[in-house]
Structure formats: C-alpha cells, structure tokens
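Undergrad: If you scroll down you'll find the structure; I have some questions about it.
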Amino acid sequence: MNFEIQLRLWYSENKRSLPWRKTKNPYNIWLSEVIMQQTRIAQGTKYYHHFISTYPTVKDLANAPLDAVLKSWEGLGYYSRARNLHLAANQIVTLFHGNFPKDYSTLLSIKGIGPYTAAAISSICFKEEIAVVDGNVYRVLSRIYGIETPINSSAGIKQFNQLAQKLIKGCPLPGDYNQAIMEYGALHCTPKNPKCNTCIFSSTCVAYNTNTVEKLPVKTKAKPVKDRFLSYLILFKDNKIAVEKRTHKDIWQGLFQFPLIETENGNATVLKGTKMAEPVKHLLSHQRLHITFWQIKHPEQLPKTTYHWVDVDMLQTLAFPIVLKRFIDANLLHL
Ligand code: SF4
C-alpha cells in the first residue's frame, strides 16, 4: 500500500474531532489555519469559536473596525497576522465579491495568505493537489526519508516542497492527505518520544532503521535574541489615563500602550517616579523585553509622542499587547 493511502487510512481512524474539520467552507478553514499557526488546539479552538460567532462571514470580518479585530485577537501575539486577516477579508470582499478564490495561485495574491495557508484552503476546500509543508510535515518527511538538509535553509525548503508535491500528486483527496500528514506529525511522529514501536511506517522509516530519529529534522541555529528595555509611564489626570497607539513598523503595530521610553540598557534615569510593579520579562520570537511601569506625576515628564487621555474603564475595550493587558488587569482596573 502506498504512503499516501496508508496515511489517509490512519487519519480516518485516528483524527481528532475539531470544529473546522466538519466544514469545507473556505472562510472557516482560513480562520482556523491562521489561528492555529499561533497557538495550541485547546486555546485556538476558543478563538476560532469567538471569531466565527463575532464575524460569521468574511463580509462581517471585513466590515468590522480594525481595532475590534485586534481586540478579538488579543493574546495570540504576532498582531501583524490580525491586521493581515482584516486586510485580506477586505480584499476578498472588494476583489472577489466575498467569495474565496478557488485556486492556489490566486489565493497567494491575497495579503497575508502565504504558501501554507493557500495550500490548506485550496486542497481542503477545492481538492487542488497542492501539498502543505509545515513543521509537522518537515519532521515526518525528514525522518521517513532520512533527509538531513536543514529545514530552514533555502535548499531544504526547496527539497521538502518538491518531495511533498511529488507525494500528493494523483491523490484523490488531497485535503485529507494534507491533514493526515500534519496530524501524524502532531500525534504520532512527535518531536520528542515519537511512537516508533506502533508506527505504520517503522519498517521503511530511514531514521528509525538507522537510529537517527532524535537527530531529524536538522535545523540551523536561530538568530540571537535581542534585549529591549521598555519603560512605560503611567499618568492619571481627572480619572483618565494617558495612552497612545503604536503606529510605527515594529512589534505590536496598531495596538495601544502607555507612553513609552525605550533605552539601550534599561537605565531610564530621566524618570522621577515610582515603580508600580515588579519589572516584567516578556519573550517574543527574537526579542526579550524588559518592561518597567513607572507612575509619574506631571505631563511634562511624558515623552514627546502623541498620547491622549481615556477613562480608566475604557482600557478594557482597547487592544493592548498581552503583557500590558496583564498589568492593567492586576493594577489599574480596580482603581
Ligand atoms: S518510525 Fe518513528 S520516526 Fe519514523 S515515522 Fe514512525 S514515528 Fe516517525
């Protein structure tokens, strides 16, 4: 029995029951794929239900204010994905009359829809033979075929894509096959302690038979993490608090924050204020943020940025990065 049929059989018996697997509606599949790239199944399922009930169609998402979409996304991180989600919904409404394009290449032309998402939508919803290649697929293929090319090198990306594409060719249910190989990586051929003893591929798996399972897939070293030192200034005036929107191209673009002073080494010596809470460390993919919150007394201590005053109660309705939201919940909302 060939690889693709074996996988699909395994999938039909072992797949998890997930809400987006009950539909072929491209809007639902798209939302689930974008959300699940950010988080684990349990948390992602909650966000998926929230998005589907708040924005039942792509038109509803396009018509919603960006701030509301960012608020819905709050806690998932990588806010550029939420901005792209909103932009893409608008493109689908204006350029395609609210209907998702049915083919991979047209899907790729939409803002924020990359090769992975376009492959998932076109194969699952429209049976196009385009292979998805995510972390699970890299792992399963590198082990079964014993491929040592680094998966984050351009040669590796090309090699794995070509192999994946060869495997899906002629498959009658390419969407099921794509989901099957990802599910196999998520449940069976896992990063740590894969279940090789009960694996349907153990007799042919190169990694298993050459004792190299732990070594594959190969990845070249990630770039170093950068430290950033952020001092947020908390200033009240008549029961209102100063906030600003991050508009520049950087982390958290489009989200709200308190007026900010960023320094090279964390010495915000210009400040005359009191620290409001213990400094917080917050990790992003390539940045380590060291965050301090200062309560200050006078507006002239604020940096020369565009800030405005909002009621403290209003903070709950604005989209803040999760680390600031936690500070607000713990320190400001009971004031
Ligand atoms: S034998 Fe082990 S390493 Fe090979 S595919 Fe199966 S689970 Fe993965």
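Undergrad: Search segment 136-160 for residues being under 21 Å from the mean Cα position of the chain (by Cα) and at pLDDT 95 or above, and hand back the single one that is farthest from the ligand (Cβ to nearest atom).
TA: ILE157
Undergrad: Consider TYR177 against the criteria (1) assigned by TED's automatic domain parsing to the domain that holds SER123; (2) out of contact with any helix residue (DSSP H, G or I) (no Cβ under 8 Å at 6 or more places or on another chain): it satisfies all of them except one. Which criterion is unmet?
TA: If we test TYR177 against (1) assigned by TED's automatic domain parsing to the domain that holds SER123; (2) out of contact with any helix residue (DSSP H, G or I) (no Cβ under 8 Å at 6 or more places or on another chain), just (2) comes out false.
Undergrad: Moving on to the next point. Here are ALA207, ALA164, ALA180, ALA186: which of them is more than 14 Å from the ligand (Cβ to nearest atom) and either more than 23 Å from the chain's Cα centre (by Cα) or in a helix (DSSP H, G or I) (or both)?
TA: ALA164
Undergrad: Here's something else I'd like to know. So, restricting to helices (runs of 4 or more DSSP H) that lie completely within segment 1-82, which ones have at least 2 residues that are open to solvent by less than 50 Å² (accessible area, probe 1.4 Å), free of Cβ contacts under 8 Å to residues at least 40 places away in the same chain and not small (Gly, Ala, Ser)?
TA: The helices (runs of 4 or more DSSP H) meeting that bar are 26-36, 41-54.
Undergrad: Need the failing condition index for GLU214 against (1) within 16 Å of the ligand (Cβ to nearest atom); (2) part of a loop (DSSP other than H, G, I, E, B), just the number.
TA: Single failed check for GLU214: (2).
Undergrad: Here's another thing I want to ask about it. Looking only at residues in segment 189-199 that are open to solvent by less than 70 Å² (accessible area, probe 1.4 Å) and assigned to a loop (DSSP other than H, G, I, E, B), which one is farthest from the ligand (Cβ to nearest atom)? Full working, then the answer.
TA: Filtering segment 189-199 down to residues open to solvent by less than 70 Å² (accessible area, probe 1.4 Å) leaves 189-190, 194, 196, 199.
Cutting the leftovers down to assigned to a loop (DSSP other than H, G, I, E, B) gives us 189-190, 194, 199.
Numbers: CYS189: 3, THR190: 8, PRO194: 4, CYS199: 3 Å.
That would be THR190.
Undergrad: If I ask for residues that are over 20 Å from THR204 (Cβ atoms) and out of contact with any helix residue (DSSP H, G or I) (no Cβ under 7 Å at 6 or more places or on another chain), which ones from segment 136-164 would you list?
TA: ASN152, SER153, SER154, ALA155, GLY156, ILE157, LYS158, ASN161
Undergrad: On to the next question. With (1) open to solvent by less than 20 Å² (accessible area, probe 1.4 Å); (2) in a helix (DSSP H, G or I); (3) away from the ligand (no atom under 16 Å from the Cβ) as the list, and ALA131 as the residue in question, which single condition is left unmet?
TA: Every listed condition holds for ALA131 apart from (2).
Undergrad: Just to be sure I understand the filter: pairs with C-beta atoms under 6 Å, separated by 6 or more residues or on different chains, first member in segment 190-211 and more than 18 Å from VAL137 (Cβ to Cβ) and touching a residue at least 24 places away in the same chain (Cβ under 8 Å), second member open to solvent by 30 Å² or more (accessible area, probe 1.4 Å) and within 8 Å of the ligand (Cβ to nearest atom). Which pairs pass?
TA: none
The values are calculated or read from the model by the stated rules, or taken from the named source; none is laboratory data. This structure is a prediction, so every number in the text was calculated from the model and none was measured. Note that we place each Cβ from the backbone using ideal geometry, even for glycine, and neighbour counts take in every protein chain shown. Areas reflect the complete protein model, heavy atoms only, side chains present, ligands, DNA and RNA absent. Shrake-Rupley method; radii C 1.70, N 1.55, O 1.52, S 1.80 Å.
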